[in-house]
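Report on the following structure.
The values are calculated or read from the model by the stated rules, or taken from the named source; none is laboratory data. All of these numbers come straight from a predicted model, not from anything done at the bench. Cβ placement follows ideal geometry from the backbone for every residue including glycine, while neighbour counts extend to all protein chains displayed.
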Amino acid sequence: MEHKKRKNERKKLQIFKNCNQKTAKKSPLFHKLRPKKEKNKEKNTYTFEEVFIIMIISLVIGFFTCFSLNKILSGGKNYRLLSKDLNKFVDAYQTVLKNYPDKLDTSKLVESAIEGMMSSIGDKYTTYNNVDGATTFNETVSGTYEGIGCLVTTNENGIQIIEVFDDSPASKAGLKEKDIIKKIDGQDFSDKTSSDMANYIKELDKKEVKITIQRDSEEKEVKLKRQKLEVPTVTTKVYEKNDKKIGYIDISIFSSVTDKQFKEKLKELEKKDIDGLIIDVRDNNGGYLNVVTNIASSLLKKGDVIYKLEKSTKKVETKKDTTKEKRTYPIAILVNGGSASASEILASAIKESYKGFVVGTNTYGKGTVQQTMNLEDGSMIKYTIENWLTPNGNWINEVGVTPTNVIELDESYYQNPTPENDNQLQEAINLVSNQQK
């Protein structure tokens with residue numbers, strides 16, 4: 001019996017294995033292994049209005065996605081409009097290249113077109129600089145360069161050193177003012193200019209350079225190693241008058257390192273217990289806006305207005321001193337017709353916010369702010385982006401800053417340029433030394 005029972009069970013199992021899918025679906029065991037299908041399942045249906053709205057939303061999303069992607073890939077430029085605007089130029093450019101009988105310099109054609117475009121704006125501060133011009137500009141305002149650390153000029157003696165920078169390769173090699181450059185790396189430089197010397201050293205592909213100098217009647221060869229140097233843009237002195245020490249700071253340009261140099265030199269002067277300060281920006285034609293802002297912030301008190309910026313929308317933004325640093329002693333600033341841009345910003349801040357003295361003659365009158373953009377080949381465009389106003393809201397463009405004390409420089413100074421003959425400086429010393437803190 002037991003054997004027959006097992007035989008019947010194997011038979012049932014074999015029947016189950018051999019059954020096809022249709023039979024298996026009807027089998028009670030299959031229903032136990034597979035869940036039943038839901039009956040009366042509702043189908044998703046949409047009205048015509050719902051379908052239409054979904055289509056509109058999809059089109060809008062697609063449009064803005066494509067528009068945003070195009071903006072990202074094009075850098076925000078609308079090449080469709082640009083292409084339309086430039087068709088005339090491209091047609092003229094290609095026609096001349098194709099038909100002109102002689103070979104043309106395509107780079108010169110493009111540069112001339114850019115120069116023409118910038119000059120047509122009618123703003124003398126919106127300009128194009130070629131590669132050489134851009135390099136010179138950047139080197140000037142950067143305040144750093146690769147060199148040996150001395151200033152030279154060309155005169156009847158040849159190339160002559162007029163200044164040796166402290167802690168520079170030139171200083172360490174023993175070069176001095178009035179030394180005459182005779183040879184560089186064995187090449188005769190007697191008939192060359194200071195620009196020739198500067199370009200030669202700048203373009204060297206090696207660090208070491210040999211210079212032969214003439215001092216009095218002797219010639220001497222020295223070896224120097226070029227290094228990255230800061231151009232000194234700030235020099236100082238101390239004058240005494242009425243038993244008071246008056247600090248003097250001359251700023252030649254507002255380069256990227258000038259604010260740091262100014263603060264360092266000012267602290268050195270203050271360690272000497274100065275009673276007042278004279279800042280000389282005569283013939284300083286400007287520089288970086290953020291640099292003059294930092295210098296003014298070290299003098300004014302927190303909350304004082306340094307300048308205002310007027311956008312093309314005529315919206316005016318006020319730039320105030322936000323630092324805790326300030327000075328309270330009398331300050332005079334020396335200016336002339338060569339004082340421009342950043343120099344005028346500092347002079348206006350001293351005059352209108354610090355209530356200090358402005359001594360000299362009317363300034364140049366540049367009341368606009370420029371921005372630069374380097375092009376692919378290393379050339380550069382410089383263009384006006386906004387106007388700047390004095391703390392009191394005056395626009396000095398083509399007008400200049402009027403001194404509080406108008407003093408024309410005496411002719412004797414041109415004959416013998418000494419501090420004693422500098423009547424503008426002497427007037428500033430008198431004003432500051434007679435002013436109470």
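Miscellaneous remarks
- Considering Lys308, Lys271, the condition of being more than 26 Å from Leu409 (Cβ to Cβ), over 23 Å from the mean Cα position of the chain (by Cα) and assigned by TED's automatic domain parsing to the domain that holds Gln426 is satisfied by Lys271 alone.
- If you go through the stretch 305-320 and keep only what is surrounded by fewer than 22 Cβ atoms within 10 Å (Cβ to Cβ) and in contact (Cβ under 8 Å) with a residue 24 or more places away in the chain, you end up with Val305, Lys308, Leu309, Glu310, Lys311, Ser312, Val316, Lys319.
- Within the stretch 342-365, tally of residues that are without any contact (Cβ under 8 Å) to a residue 60 or more places away in the chain and farther than 9 Å from Pro403 by Cα: 10
- Pair list, Cβ under 7 Å, 6 or more apart: the stretch 384-410 residue on the phi > 0 side of the Ramachandran plot, other residue assigned to a loop (DSSP other than H, G, I, E, B) and surrounded by 18 or more Cβ atoms within 10 Å (Cβ to Cβ): Gly400/Thr363; Gly400/Tyr364
- Filter pass, Asp283 being under 24 Å from the mean Cα position of the chain (by Cα) and on the phi > 0 side of the Ramachandran plot: yes
- Test: Gly400 is part of a loop (DSSP other than H, G, I, E, B) and at pLDDT below 95: no
- Those strands (runs of 3 or more DSSP E) lying entirely in the stretch 267-338 with at least 1 residues within 22 Å of Gly143 (Cβ to Cβ): 276-280, 305-310, 331-335
- From the options Lys202, Lys176, Lys223, residue that is in contact (Cβ under 8 Å) with a residue 24 or more places away in the chain and either touching a Leu at 6+ places or on another chain (Cβ under 8 Å) or farther than 27 Å from Val257 by Cβ (or both): Lys223
- Filter result for the condition that a residue is closer than 26 Å to Lys366 by Cα and over 29 Å from the mean Cα position of the chain (by Cα), over Pro403, Pro419: Pro403
- In a residue-by-residue description of the stretch 254-275, the property of being touching a Lys or Arg at 6+ places or on another chain (Cβ under 7 Å), over 20 Å from Ile350 (Cβ atoms) and touching a residue at least 24 places away in the same chain (Cβ under 8 Å) applies to at least one position.
- Qualifying residue in the stretch 390-411 (condition: surrounded by 17 or more Cβ atoms within 10 Å (Cβ to Cβ), under 30 Å from Thr127 (Cα atoms), in the same structural domain as Lys308 (by TED's automatic domain parsing) and of a type in the set (S, T, N, Q)): yes
- Taken as a whole, the stretch 413-420 holds no residue that is assigned by TED's automatic domain parsing to the domain that holds Gly303, in contact (Cβ under 8 Å) with a residue 12 or more places away in the chain and surrounded by 16 or more Cβ atoms within 10 Å (Cβ to Cβ).
- Helices (runs of 4 or more DSSP H) (entirely within the stretch 108-214) containing at least 1 residues that are under 27 Å from the mean Cα position of the chain (by Cα), modelled with pLDDT under 90 and not assigned by TED's automatic domain parsing to the domain that holds Tyr288: 131-142, 194-202
- Checking Arg327 against (1) surrounded by 21 or more Cβ atoms within 10 Å (Cβ to Cβ); (2) under 21 Å from Ile429 (Cβ atoms); (3) not aliphatic (A, V, I, L, M), the condition it does not meet: (1)
- Test: residue in the stretch 346-357 that is modelled with pLDDT of 95 or more, part of a loop (DSSP other than H, G, I, E, B) and within 22 Å of the chain's Cα centre (by Cα): no
- Residue count for the stretch 358-385 satisfying the condition of being buried (at least 20 other Cβ atoms within 10 Å of the Cβ) and in a strand (DSSP E or B): 3.
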